[in-house]
Amino acid sequence: MKEKLTALINVKTIVTFVITAVFAILALNGAFTPDVIMTVVTMVISFYFGTQHEKGE
């Protein structure tokens, strides 16, 4: 459990969560249209999970 928690706290994970949170806040405030936000967040999350999958192999 402790190993998984320390693996979760790395730069890629923090950047992914921060970008997702920032875009969610901006979407709620109406700064962007939902389709722009969905594109960016999907790209960031898929990059994160893609690198995690490659790291596991």
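Residues that are outside any loop (DSSP other than H, G, I, E, B) and either at pLDDT 75 or above or surrounded by 13 or more Cβ atoms within 10 Å (Cβ to Cβ) (or both) within segment 30-44 comprise ASP35, VAL36, ILE37, MET38, THR39, VAL40, VAL41, THR42, MET43, VAL44, listed in sequence order. Exactly one residue among ALA7, ALA27 is of a type in the set (A, V, I, L, M), assigned to a helix (DSSP H, G or I), loosely packed, with under 13 Cβ neighbours inside 10 Å and at pLDDT below 80, and that residue is ALA7. For segment 10-33, residues that are under 21 Å from TYR48 (Cα atoms) and either over 16 Å from the mean Cα position of the chain (by Cα) or of a type in the set (Lys, Arg) (or both) total 1.
Filtering segment 45-57 to residues that are surrounded by 13 or more Cβ atoms within 10 Å (Cβ to Cβ) and at pLDDT 80 or above leaves ILE45, PHE47.
The values are calculated or read from the model by the stated rules, or taken from the named source; none is laboratory data. Computed from a prediction, not measured in an experiment: that's the story for all the values here. Note: ideal-geometry Cβ built from the backbone for every residue, glycine included; neighbour counts use all protein chains shown.
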